[in-house]
Amino acid sequence: GESVGLHLPTLSVQEGDNSIINCAYSNSASDYFIWYKQESGKGPQFIIDIRSNMDKRQGQRVTVLLNKTVKHLSLQIAATQPGDSAVYFCAEPRGGADGLTFGKGTHLIIQP
Amino acid sequence: GAGVSQTPSNKVTEKGKYVELRCDPISGHTALYWYRQSLGQGPEFLIYFQGTGAADDSGLPNDRFFAVRPEGSVSTLKIQRTERGDSAVYLCASSPVGWGETQYFGPGTRLLVL
């Protein structure tokens, strides 16, 4: 079935290092993917998205990479800061329908 | 500009009671979505509105759940005969038109059924 999942439930990085959060998806027909950040007690916050006709997209301190061959998505955060501590979700459109399918999330922990 | 707002932020109720959760989308957004998020999980789709109509309610778990958006703006999610398993965070999101556009989420309503 269709699913969006994450390889690691928790990722711990040193402040200032780069973070890489991974995501595997199974619906090869998805035409775009989104990364959301969710801080404790808050709703998901849009970070960046990427269309399926691209393999890389950069934002402010973030880069998303898409490998359609192996159906893999990653979010890279440069120079990780304490404010980056959150749960990160990748999401894709529900197959043939509106709304999004989310993975379980990766909890990013920043160590001083 | 105001984002998506949801009220109440927290709701505690007893098993068997009726609850209403409200969502105010971003002004001008025609698409509105409800999701449910259980602890440690990602949000799960419940229902999608395009304007006043429920375009897709396939995510509603059973007929105790119902949602309306009578004027194409504010939406209310209604849960009848609540069960302990309904305890979760209920998230609302809106987008300008719908498909392929960024969904902006509200802070959620934390529902606890005792």
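The values are calculated or read from the model by the stated rules, or taken from the named source; none is laboratory data. Everything quoted here is computed from the prediction, not taken from an experiment. Quick reminder, even Gly has a Cβ in these numbers, built from the backbone with ideal geometry, and neighbours come from all protein chains shown. These area figures cover heavy atoms from the full protein model, side chains too; ligands, DNA and RNA do not enter into them. Shrake-Rupley method; radii C 1.70, N 1.55, O 1.52, S 1.80 Å.
Quick notes on this one:
- On the stretch given as the stretch A:69-84, residues that are exposed (fewer than 14 other Cβ atoms within 10 Å of the Cβ) and either of a type outside the set (S, T, N, Q) or modelled with pLDDT under 95 (or both) total 5.
- Counted residues, the stretch A:19-44 - those being in contact with a strand residue (DSSP E or B) (Cβ under 6 Å, 6 or more places away or on another chain) and without any contact (Cβ under 8 Å) to a residue 40 or more places away in the chain: 1
- Flag for B:V68 being under 11 Å from the mean Cα position of the chain (by Cα) and more than 25 Å from A:G41 (Cα to Cα): yes
- The residue that is surrounded by the most Cβ atoms within 10 Å (Cβ to Cβ), among those in the stretch A:95-112 that are within 14 Å of chain B (Cβ to nearest Cβ) and over 22 Å from B:L39 (Cβ atoms), is A:D98.
- Filtering the stretch A:36-63 to residues that are away from chain B (no Cβ under 14 Å) and either of a type in the set (K, R) or assigned to a strand (DSSP E or B) (or both) leaves A:K56, A:Q58, A:R61, A:V62, A:T63.
- Search result, residues across the stretch B:9-38 that are open to solvent by 70 Å² or more (accessible area, probe 1.4 Å) and away from chain A (no Cβ under 13 Å): B:K11, B:V12, B:E14, B:K15, B:K17, B:Y18, B:E20, B:R22, B:S27
- Single match in A:V87, A:V4 (criterion: within 30 Å of B:Q6 (Cα to Cα), modelled with pLDDT under 95 and either surrounded by 14 or more Cβ atoms within 10 Å (Cβ to Cβ) or among the charged types (D, E, K, R) (or both)): A:V4
- Considering residues of the stretch A:7-36 that are surrounded by 13 or more Cβ atoms within 10 Å (Cβ to Cβ) and among the small types (G, A, S) only, the residue modelled with the lowest pLDDT: A:S26
- Which listed residue, of A:E92, A:E39, is acidic (D, E), out of contact with any Cys (no Cβ under 8 Å at 6 or more places or on another chain), crowded, with 21+ Cβ neighbours inside 10 Å and at negative phi: A:E92
- When the stretch A:21-35 is filtered for residues that are facing chain B (nearest Cβ under 8 Å) and out of contact with any Cys (no Cβ under 8 Å at 6 or more places or on another chain), the ones remaining, listed by number, are A:D31, A:Y32.
- Taken together, the criteria place B:G85 among residues that are small (G, A, S), more than 27 Å from A:Y32 (Cβ to Cβ) and in a helix (DSSP H, G or I).
- Scanning the stretch B:76-114 for residues that are more than 14 Å from chain A (Cβ to nearest Cβ), of a type outside the set (A, V, I, L, M, F, W, C) and touching a strand residue (DSSP E or B) at 6+ places or on another chain (Cβ under 9 Å) gives B:T76, B:K78, B:Q80, B:T82, B:E83, B:R84, B:G85, B:D86, B:S87.
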